[in-house]
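Please read the structure below before turning to the comments.
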Amino acid sequence: MYHIRFTPTAGDDLARLDKSVAQRILTKIRWLAEHMETITPEPLAGQWSDTFKLRVGDYRVLYTFVTAENTITIHFVRHRREVYKAK
């Protein structure tokens, strides 16, 4: 199982969401941590090429991971129309 780290920005993003939406996102992030070794992460392109996305309804979780450290770092949690403007 991978360990999850949240950047301050990601923590703020989650805090702004409705509790039910935030809970769904946290559940999906836990699922990602448990299944990271069996899935194929979905990479982004262009300036985001070192970042991966996790879809949760209309929201996107942008993350990076380090296999050697078993760590996933969550960078942003935003609505899909806003998330790619964040970096």
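We did not get these values from a lab; they are worked out from the coordinates using the rules stated. Bear in mind that the values here come from a model prediction, so they are computed numbers and not experimental data. Backbone-built Cβ (ideal geometry, glycine too); neighbour counts: all protein chains shown.
Among the criteria (1) surrounded by 16 or more Cβ atoms within 10 Å (Cβ to Cβ); (2) over 11 Å from the mean Cα position of the chain (by Cα), the one residue 62 does not fulfil is (2). Checked against (1) in contact (Cβ under 8 Å) with a residue 40 or more places away in the chain; (2) out of contact with any helix residue (DSSP H, G or I) (no Cβ under 8 Å at 6 or more places or on another chain), residue 1 passes all but a single condition, namely (2). Each residue in segment 18-40 was checked for being within 22 Å of residue 81 (Cα to Cα) and within 11 Å of the chain's Cα centre (by Cα), and 4 pass.
Give 41, 8 a once-over and let me know the one that is touching a Leu at 6+ places or on another chain (Cβ under 9 Å) and surrounded by fewer than 16 Cβ atoms within 10 Å (Cβ to Cβ). Going through 41, 8 in turn, just one is touching a Leu at 6+ places or on another chain (Cβ under 9 Å) and surrounded by fewer than 16 Cβ atoms within 10 Å (Cβ to Cβ): 41.
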